[in-house]
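What follows is a set of notes on a single structure, which appears directly below.
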Amino acid sequence: ETGVTQSPTHLIKTRGQQVTLRCSSQSGHNTVSWYQQALGQGPQFIFQYYREEENGRGNFPPRFSGLQFPNYSSELNVNALELDDSALYLCASSDRGGNTEAFFGQGTRLTVV
Amino acid sequence: AQSVTQLGSHVSVSEGALVLLRCNYSSSVPPYLFWYVQYPNQGLQLLLKYTSAATLVKGINDFEAEFKKSETSFHLTKPSAHMSDAAEYFCAVSAGQGAQKLVFGQGTRLTINP
């Protein structure tokens, strides 16, 4: 067990709606990364937050946004949901100061109908 | 830019046989390389990592991988497969410090035959 928790575990939304996914990072970790894993694919990097600032972004549109809080927990927000947004969303926490391992949560399975 | 290619989307071996999962990478800077395992409906668990120290890396559950710069490869092996090894395996590369901004391959589904 890694100590990274994500909520909710499953979610069903309608196209056009907005969704917020949450992640609590492992104790002592100040960096959170979000990944989207479509069915049958490898995870794709969405963005990363380090000390409450965005620190790199993958090839995702602006309707994917995020936040990191002072306790280093994080949110992923997706606006104007599309059917292709259906995926497993993974959060990973790490220590940017030198630890080379990212610990992943169990993920949130989002289904857009 | 970094990229990873996993050769073979499905690999099937018999219980007790050698497991070999192939990964080739592309990186413009010295890479950090990782293998993760994913069981159904779960997140990713780190098996092992290469961070420019020893080229032969040992991980959990008797998995190991060898970094070969000349071949740009980081293949994962296990001498004797167990039924519990059936899962999806992902190779990943990072250009940043450590495990930042991982780029994953498409994954290899490992099936173990009794």
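Here are some notes:
- Qualifying residue in segment B:49-60 (condition: under 10 Å from the mean Cα position of the chain (by Cα) and touching a residue at least 24 places away in the same chain (Cβ under 8 Å)): yes
- Checked across segment B:96-107, the condition of being surrounded by fewer than 21 Cβ atoms within 10 Å (Cβ to Cβ) and either among the hydrophobic types (A, V, I, L, M, F, W, C) or part of a strand (DSSP E or B) (or both) holds for no residue.
- Test: residue in segment A:61-78 that is buried (at least 21 other Cβ atoms within 10 Å of the Cβ), in contact with a Lys or Arg (Cβ under 8 Å, 6 or more places away or on another chain) and closer than 18 Å to B:SER94 by Cα: no
- Residue within segment A:86-105 that is in contact (Cβ under 8 Å) with a residue 12 or more places away in the chain, β-branched (Val, Ile, Thr) and surrounded by 15 or more Cβ atoms within 10 Å (Cβ to Cβ) present: no
- Among residues that are among the aromatic types (Phe, Trp, Tyr) and closer than 30 Å to B:PRO114 by Cα, B:PHE63 is included.
- Candidates in segment B:36-90 are the residues that are out of contact with any Leu (no Cβ under 9 Å at 6 or more places or on another chain) and assigned to a strand (DSSP E or B); of these, the one that is nearest to A:THR5 (Cα to Cα) is B:GLN45.
- Considering residues of segment B:37-47 that are among the hydrophobic types (A, V, I, L, M, F, W, C) and out of contact with any helix residue (DSSP H, G or I) (no Cβ under 7 Å at 6 or more places or on another chain) only, the residue farthest from the other protein chains (Cβ to nearest Cβ): B:VAL37
- Filtering B:THR51, B:THR72, B:THR55, B:THR77 for residues that are in contact with a strand residue (DSSP E or B) (Cβ under 9 Å, 6 or more places away or on another chain), farther than 28 Å from A:HIS10 by Cβ, within 14 Å of another protein chain (Cβ to nearest Cβ) and not aliphatic (A, V, I, L, M) leaves a single hit, B:THR51.
- Residue match in segment A:3-20 (condition: of a type in the set (S, T, N, Q), away from every other protein chain (no Cβ under 12 Å) and crowded, with 21+ Cβ neighbours inside 10 Å): no
A short reminder: the numbers here are calculations on the coordinates, not readings from a lab. Computed from a prediction, not measured in an experiment: that's the story for all the values here. Using ideal geometry, Cβ is built from the backbone for each residue, glycine included, and neighbour counts are taken over all protein chains shown.
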